[in-house]
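Q: Structure in structure tokens, see below.
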Amino acid sequence: MGFPAVDLSVFRVEAILLAGIGAGFLADLIRPRNWRSPAGWLLLAGAVAALVAAFAWPVPNASLWDGVFVVDGLARYFKILFLSALVIVTLASLRDMRDQSWAGEYYLCLGSSTTGMLLLSGANELVSLFVALELTSLSLYVMAALRRGEPKSQEAGLKYLLVGAFSTALFLFGASFVYAIGGSTALRDLAVAGPLHASEPLFLVGLVFMLAAVGFKVAAVPFHMWAPDVYEGGPTPMVAFASVASKAAGFVIMIRLLLGPFRVLQEDWTLLVSVMAAGTLLVGSFLAIPQTNIKRLLAYSSIAQAGYLLVGFVPGTPRGVSAVLLFLAIYVFTNLGAFISVIVVSRSAGSDEIAAFAGLSRRSPLVALVMMLSLLSLAGIPPLGGFVGKVYLFAAAMEFPSRFLWLVVLAVLLSIVSLYYYLLVIRRMYIEEPTTTAPIEPGFTAGLALLLCVLGILALGLAPRYLLDLAMGVAQGWQ
Amino acid sequence: MVAAGAVAVSALAAAPAITVVEAPGYLWLIPGLPLAAFVVIGLVTRPWRLLSAAVGVVAIGLSFVFSLWTFIAQVKAGPDTVLASSLPWFTTGTLHPMVGLQVDPLSAVMLLVVTTVALMVQIYSLGYMAGEAGLSRFYAYLSLFCAAMLGLVMAHSFVQLFVCWELVGLCSYLLIGFWYDRDAPAFAAKKAFVTTRLGDLGFLLGVLLVCTTAGSFEFSEVQAKIGAGLLDPRTLTLAALLLFCGAVGKSAQVPLHVWLPDAMEGPTPVSALIHAATMVAAGVYMVARFSFIFHGSPDAMATVAVVGGITAFFAATIALVQDDIKRVLAYSTISQLGYMMLALGAGSVTAGMFHLFTHAFFKALLFLGAGAVIHAVHTNDMWEMGGLRKSMPWTFWTFAIGSLALAGFFPFSGFFSKDEILVHVLAYSPALFALAVAGSFCTAFYMGRVVFVAFLGTARGGGAAHAHEAPLVMRGPLVILAGLSIAVGWWVWDFARFVYAGEMEEVHIHLGLAAATQLVPLAGLLLAAGMYVYRSPDPEALSNRFPGVYNLLRHRYYVDEAYDWLIDRVVMRFSAGIGWFDRNVVDGAVNGVAWLARQTGAQLRYLQTGRVQHYAAAVFGGVALLLLLARLGGAR
């Protein structure tokens, strides 16, 4: 069948980024052996240009190929989110990757993963959703294994790939059931057909399988087990990117699927998601405590954060969706702030142990301050962004206090537990004596990335209104 | 101008409805500039002492200009208008935390008082603290104090008021203990902090009580709820009494007055700004601000009046026998704050606030004058001074003006404000009136004693013999404040039409009472002159004749001793018991929770084996579980 000609300019954001990736890839191939790879700078240029384009020339609402791809508020919001994360992570990678032989591959995968996410945010049909999701994930699997000669990295890549394969299989299975019942792969058609088949058991099975696959992306219990190993073994900049962008990607799918075709099964998935949220919060909060490796600690911390996000998603209301959108944006700056501090510290210490942070405040007051603000924001201390984000998530769930009060109470109690292990790190940085007094310099690009994160944490905490109105508009406009 | 006389009051028509006007944005600069100065000094200019001082002075100077501007805007807008500016922090459901500032006549007057005195004190400190190594720290603290005090004055909600209330307390602590390497200031700072904290406990409870029963943190909404009669009188009484606890601590009223005399260990400019003109007046301001709560409870009003009256008299009697010039002024401040409370308790916000207004200028003047003397003679003991009239004429004359104003002589500003208080108190309770008049006799006596002993006669100490007049940066503020001490009293008529609570009070003129009440301080002054200039009656003979009274006053009614005994014998023993309980039971519980969290984590971690087969099993087990849950959910 023939598709009508479409105006390809709706893909301009993706095209600009691809141009940066392509230029970087080519330059990496043809550069003289003794030159450093320019791929990072070209990717950065492409990402910044794409971000500027996404802001300055927003793509108007569009629907391509009978709704296979759409451009709507949700897609625009997430594209900006992914590109912001890419810009910050690329900035933070430049110094770390400078002397790595695999820098070219790293930037190629980073770029293609982001491209997958950009496509994912507009995919409105099961097959295109799946392809975009696989593009995102496969690039991440490769990146996790990039540290050649590093057994932990190999292990991380392999585990990520294997567990990812299970989730891929689950997604495909689920999608095929849904297609079998609904007779279409377009989410728009399925949303119409859904109510007719709400009682079909296979439709429910499809929901559960796809929910499990999404649970893998956002690292929700019990699909989280890959996260600590991958976080520990993968190159830190890649982990930083995966921890925020991959999570956000999972929530795009969740919003599109659960509030689209599966809206009719809301009674069922509310129960599933709230149980997942509770388990995710419990495991993330308690397992972070015994960790001695900062990357593993942040892995559990990001599992716990996924739990908070699920709490906001549970009611399935526009307010819940807007709270999730707001929290994700805040989370980008907060979690990247923490991870970039880790990048800087472990580069000079040569270790990912929490012990390497001892006395950091005296070795690099700036990095210690950013790390502290990020951790406090993760814990949800006012007036930082994380506080505002959590308040909105909990408030959204509190709209139905009779049903979700237990979940909010649990989440608040576990916030206190999480404060404990964040404070353990802060205590090391500020109270303990450093083992060496050699100062740590973040360098210009990573310093800039840290600055961007701090600005984001503070600005979104002190004046969240603008972004909140935006998120509210997106959530309402989309519904 | 009408001839001087006593004031009588009649209520005019009930106040019309309040209109709220969006305030110009520069309102935020008034507390914002000193706050910025604090940050800049702390982060940037700390190594350069004079630059830091300049930053502080310029910030408060600009703050003063904007305050004056705001004040004029408020006068033009009229007393029934509130200038407000608030920013939503964020909104969610029923929760709308706002950050906001509001200005009404009450706070407009306070703005003027705080910024004027603060500006004078900061300029004066350039001379007084010139050789100080910690000058940057000094100006940083002063700037933070100004920001907090201005934020307190312009607060629009109980939360903001409480935060600023605690912040000024913190700055007071930091500045009393400015010379923290000496024992006495460090101890005095601690004492001030702990004593006021005792009152703040009640204050916090009061705030929580009001806000939970009224369902709002904002003054305007709480006032509307109370105006509509939504709170029952018993709750109002309890709330008013709890709030008043905060005022008793902050404004050093009996029985929590003990910290203020010790606070004189701080640098003298700090005493002038914080412990005479502004922070200690915050308690009075708070009671006036919440008159909509206090006026709902006659019992609470009576408590305020009695505590104020007792404080006014007893502190004045203690001041009679002090040797340290700053301590005389400190007890005098306590006593004058008592007068303000007395007026508020008697039902006149106008009288109480006008006395706060005039007192701020002449008491700051007296402290700065005392500072100039101490700066010159290097002692606080007035018996080692003497004869300073010759060597320090500027200081002498301005100090004399301040003393006359404090004693309440016509035509100085203290006359107008104190007379208005006396008229109200006479109508309220003759007994309290007698106490107030007796206090005014003591006031004239102790100020006369200071002036005669320290400035007249001949030098009794080496420092006094070689004293020099203060430098220009210190003289200037003295002269300006002296001018204000003379002039501001004549504003009383317009003030009454500007600052009031509920109903406007008209100032009427009475000759008889004024003449009678002028005789009382005159008698006090003459007795002081007789005793300390002409030695008849001889003060030593008097103290030997009445040793009981003299010792009672010397020991400040043994209040400090009583507290020490109480703390040693009762509180410490009780604390030891609590300490045991805390170590063995509370800590046990806390550690238990931490232990539980660690154990839970330690046990759970064995779930994470690192084997990918187990991960796969978990994934599929999870799917099975979800399916089961979905079935169960579907069966519902």
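The values are calculated or read from the model by the stated rules, or taken from the named source; none is laboratory data. Everything numeric here is computed off the predicted structure, so don't read it as measured data. All Cβ positions, even for glycine, are placed from backbone atoms using ideal geometry, and neighbour counts span all protein chains on display. Heads up: the accessible areas ignore ligands, DNA and RNA and are worked out on the full protein's heavy atoms, side chains in. Shrake-Rupley method; radii C 1.70, N 1.55, O 1.52, S 1.80 Å.
Q: Give A:LEU419, A:LEU360, A:LEU462, A:LEU393 a once-over and let me know the one that is over 13 Å from A:ILE330 (Cβ atoms) and within 14 Å of chain B (Cβ to nearest Cβ).
A: A:LEU419
Q: Could you check how many residues of the range A:247-264 are open to solvent by 10 Å² or more (accessible area, probe 1.4 Å) and either within 14 Å of another protein chain (Cβ to nearest Cβ) or aliphatic (A, V, I, L, M) (or both)? If you could, list the steps in order and put the result at the bottom.
A: Taking the range A:247-264 and keeping what is open to solvent by 10 Å² or more (accessible area, probe 1.4 Å), we get A:259-260, A:263-264.
Cutting the leftovers down to either within 14 Å of another protein chain (Cβ to nearest Cβ) or aliphatic (A, V, I, L, M) (or both) gives us A:259, A:264.
Matching residues across the range A:247-264 total 2.
Q: Then there is this: Among the listed residues B:VAL437, B:VAL473, B:VAL423, which satisfies the condition of being in contact with a strand residue (DSSP E or B) (Cβ under 7 Å, 6 or more places away or on another chain), over 14 Å from B:VAL373 (Cα atoms) and β-branched (Val, Ile, Thr)?
A: B:VAL423
Q: Would you check which residues across the range B:98-115 are in contact with a Ser or Thr (Cβ under 8 Å, 6 or more places away or on another chain), part of a helix (DSSP H, G or I) and open to solvent by 10 Å² or more (accessible area, probe 1.4 Å) and list them?
A: Selection gives B:LEU112 alone.
Q: Would you point out which residue out of A:ALA19, A:ALA53, A:ALA27, A:ALA62 is small (Gly, Ala, Ser), at negative phi and within 22 Å of the chain's Cα centre (by Cα)?
A: The unique qualifying residue is A:ALA53.
Q: Residues B:PHE396, B:PHE410, B:PHE416: which one is more than 17 Å from B:LEU522 (Cα to Cα) and either touching a residue at least 40 places away in the same chain (Cβ under 8 Å) or part of a helix (DSSP H, G or I) (or both)?
A: B:PHE396
Q: If you don't mind, another one. Consider the range A:275-305. How many of its residues are surrounded by fewer than 22 Cβ atoms within 10 Å (Cβ to Cβ) and more than 10 Å from chain B (Cβ to nearest Cβ)?
A: Going through the range A:275-305 one residue at a time, the tally reaches 3.
Q: Looking for something more than 23 Å from B:VAL55 (Cβ to Cβ) and aromatic (Phe, Trp, Tyr) - is there at least one such residue anywhere in the range B:151-163?
A: yes
Q: Still on this model: Taking the options B:ARG554, B:ARG535, B:ARG545, name whichever one is open to solvent by 70 Å² or more (accessible area, probe 1.4 Å), within 20 Å of B:ALA316 (Cα to Cα) and charged (D, E, K, R).
A: That would be B:ARG554, the only listed residue that is open to solvent by 70 Å² or more (accessible area, probe 1.4 Å), within 20 Å of B:ALA316 (Cα to Cα) and charged (D, E, K, R).
Q: Of the residues in the range A:151-173, how many are free of Cβ contacts under 8 Å to residues at least 60 places away in the same chain and within 11 Å of chain B (Cβ to nearest Cβ)?
A: Summing the residues that are free of Cβ contacts under 8 Å to residues at least 60 places away in the same chain and within 11 Å of chain B (Cβ to nearest Cβ) in the range A:151-173 gives 9.
Q: List the residue pairs whose Cβ atoms are under 6 Å apart, where the first residue sits in the range B:36-64 and is basic (Lys, Arg), the second is assigned to a helix (DSSP H, G or I), and the two are 6 or more positions apart or on different chains.
A: Partner pairs satisfying both residue conditions: B:ARG46/B:SER136; B:ARG49/B:LEU135; B:ARG49/B:SER136.
Q: For the condition within 13 Å of another protein chain (Cβ to nearest Cβ) and open to solvent by less than 10 Å² (accessible area, probe 1.4 Å), what is the one hit in A:VAL230, A:VAL244, A:VAL239?
A: The unique qualifying residue is A:VAL230.
Q: A:ALA75: over 25 Å from the mean Cα position of the chain (by Cα), modelled with pLDDT of 90 or more and aliphatic (A, V, I, L, M), yes or no?
A: Judged against the criteria, A:ALA75 is not a match.
Q: If I ask for residues that are in a helix (DSSP H, G or I) and among the charged types (D, E, K, R), which ones from the range A:78-99 would you list? Can you show your working first?
A: Of the residues in the range A:78-99, the ones in a helix (DSSP H, G or I) are A:78-97.
The answer is A:LYS79, A:ARG95, A:ASP96.
Q: Continuing with this model, one more query. Hey, which of the helices (runs of 4 or more DSSP H) in the range A:306-422, taking only ones fully inside, have at least 3 residues that are touching a Ser or Thr at 6+ places or on another chain (Cβ under 7 Å) and either on the phi < 0 side of the Ramachandran plot or open to solvent by 30 Å² or more (accessible area, probe 1.4 Å) (or both)? Lay out the reasoning, then the answer.
A: Details: elements: A:318-349, A:360-363, A:365-379, A:385-397.
By residue number, A:318-349, A:365-379, A:385-397.
Q: So, in the range A:210-227, of the ones that are more than 7 Å from chain B (Cβ to nearest Cβ) and either assigned to a helix (DSSP H, G or I) or polar (S, T, N, Q) (or both), which residue ends up farthest from the chain's Cα centre (by Cα)?
A: A:MET210
Q: When you go through A:SER199, A:SER176, A:SER184 one by one, which is the residue that is away from chain B (no Cβ under 12 Å), outside any helix (DSSP H, G or I) and not acidic (Asp, Glu)? Give the steps one after another, and end with the answer.
A: Details: A:SER199 fails: away from chain B (no Cβ under 12 Å); A:SER176 fails: outside any helix (DSSP H, G or I).
Answer to the selection: A:SER184.
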